[in-house]
1. In region 166-204, how many are surrounded by fewer than 17 Cβ atoms within 10 Å (Cβ to Cβ) and under 16 Å from the mean Cα position of the chain (by Cα)?
2. If you scan region 210-237, which residues turn out to be assigned to a loop (DSSP other than H, G, I, E, B), among the aliphatic types (A, V, I, L, M) and within 22 Å of ALA116 (Cα to Cα)?
3. Is at least one residue of region 206-214 surrounded by 14 or more Cβ atoms within 10 Å (Cβ to Cβ), of a type in the set (Asp, Glu) and within 18 Å of GLU125 (Cβ to Cβ)?
4. With in contact with a Lys or Arg (Cβ under 9 Å, 6 or more places away or on another chain) and among the basic types (Lys, Arg) as the only criterion, which of ARG261, ARG247, ARG234 stands out?
5. Which pairs turn up if I take residues in region 20-46 that are at negative phi and exposed (fewer than 13 other Cβ atoms within 10 Å of the Cβ) and look for partners that are of a type in the set (A, V, I, L, M) and modelled with pLDDT under 95 with beta carbon separation below 6 Å, at least 6 apart in sequence or on another chain?
6. If you check VAL219, VAL245, which single one turns out to be surrounded by 20 or more Cβ atoms within 10 Å (Cβ to Cβ), free of Cβ contacts under 8 Å to residues at least 40 places away in the same chain and touching a strand residue (DSSP E or B) at 6+ places or on another chain (Cβ under 9 Å)?
7. Looking for whichever is over 24 Å from VAL132 (Cα atoms) and in a strand (DSSP E or B) here; the options are VAL26, VAL4. Which one fits?
8. Restricting to region 218-238, name every residue that is closer than 12 Å to ARG287 by Cβ and among the small types (Gly, Ala, Ser).
Amino acid sequence: MRVVFLGTPSFAAIVLQELIGKQDIVGVVTQPDAVRGRGTSKMPSEVKALAEDAGLKVLTPAKLRDERFLAELASLEPEIFCIASYGKIIPNEMLEIPPFGSLNVHASLLPRWRGAAPIERAILEGDKSVGVSIMRVGEHLDMGDYCLQASVEIGDKTAGDLRNELAHIGGKLLLDAITDIQDGTIDWTAQAEEEATYAQKIDRNELFLHPADSADWLVRKVRASARNHPAKLRIADKGVMLEDVRRVDVPSDANNLPKLRAGEALFLDRRLYLGTDDGLVEVERLRPDGKGSMDAASFMSGVQGSKGKVLRWGSYEPGR
């Protein structure tokens, strides 16, 4: 089947990689080059980089209703659109081009967690599992019927871990869905509107950590965080992003664990502990402002007089 793929970030690139060599990809649509990360130069999206390496035709329209873009897209004679994290609403003028419609890879078990941040919201809500759905695209956000779904246990995985895992699964499900459409055996399921929840985009400072956070809530924030919405705090007057933490299970851990109140921290036996109202959290990896990722012991080696001394940790205040 003649496929045009639409996607932008790494999640979409993983899905695209699953399709390459297994479907006739006649074109790839991705967002224009942009400043990404901490740099100042414009960089291609992960999808564009992969597509160009694979020798695929790439389109990067600034506006999806542009007549020249729509004409070029139609000239590719796509039979179906395959979409994964493209980042823009697809207008009807585009959706009407492929005769077999459009399939979207959405990283949730629809109708739960429609919207921009399904994986992060599932972690923050304490869901036991998250998943991926293959749905058809319509006029309303993530409200179309779905044909295939798969789920994975969240456990102690981070949002990044889950995103990569679900992208691989989603790519394979997408291939199955295309085959079912070709064979005329596709089976659609309507979403139950009464079960729908919305995964609002994570604000940049939403996952900042506070001494009033419970231990479990602090851990969930860290596992849901990323560079564009980091789990940050201030310890020993230094701003840091926490990358890997664990809830300390007092009965099964060492007997010499400290007793800390909320907002207190202690570096003991090369381990960094944070106190909360209902228990301890151990920090395993972090990223200080302006520096790279490091383990807790490496960070604390730069904090003079910290060994065995109760320190303070508190809310992150940008600019301090």
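1. Going through region 166-204 one residue at a time, the tally reaches 6.
2. Of everything in region 210-237, just one residue is assigned to a loop (DSSP other than H, G, I, E, B), among the aliphatic types (A, V, I, L, M) and within 22 Å of ALA116 (Cα to Cα), namely ALA231.
3. Here is the first cut: in region 206-214, the residues surrounded by 14 or more Cβ atoms within 10 Å (Cβ to Cβ) are 206-211, 213-214.
Cutting the leftovers down to of a type in the set (Asp, Glu) gives us 206, 213.
Checking the rest, the ones that are also within 18 Å of GLU125 (Cβ to Cβ) come to 206, 213.
Yes, because at least one residue in region 206-214 is surrounded by 14 or more Cβ atoms within 10 Å (Cβ to Cβ), of a type in the set (Asp, Glu) and within 18 Å of GLU125 (Cβ to Cβ).
4. After applying the criteria, what remains is ARG234.
5. LYS42/ALA34; LYS42/VAL35
6. That would be VAL245, the only listed residue that is surrounded by 20 or more Cβ atoms within 10 Å (Cβ to Cβ), free of Cβ contacts under 8 Å to residues at least 40 places away in the same chain and touching a strand residue (DSSP E or B) at 6+ places or on another chain (Cβ under 9 Å).
7. VAL26
8. Across region 218-238, the qualifying residues are SER225, ALA226, ALA231.
The values are calculated or read from the model by the stated rules, or taken from the named source; none is laboratory data. Fair warning: this is a prediction, and the values are worked out from it, not measured in the lab. Note: ideal-geometry Cβ built from the backbone for every residue, glycine included; neighbour counts use all protein chains shown.
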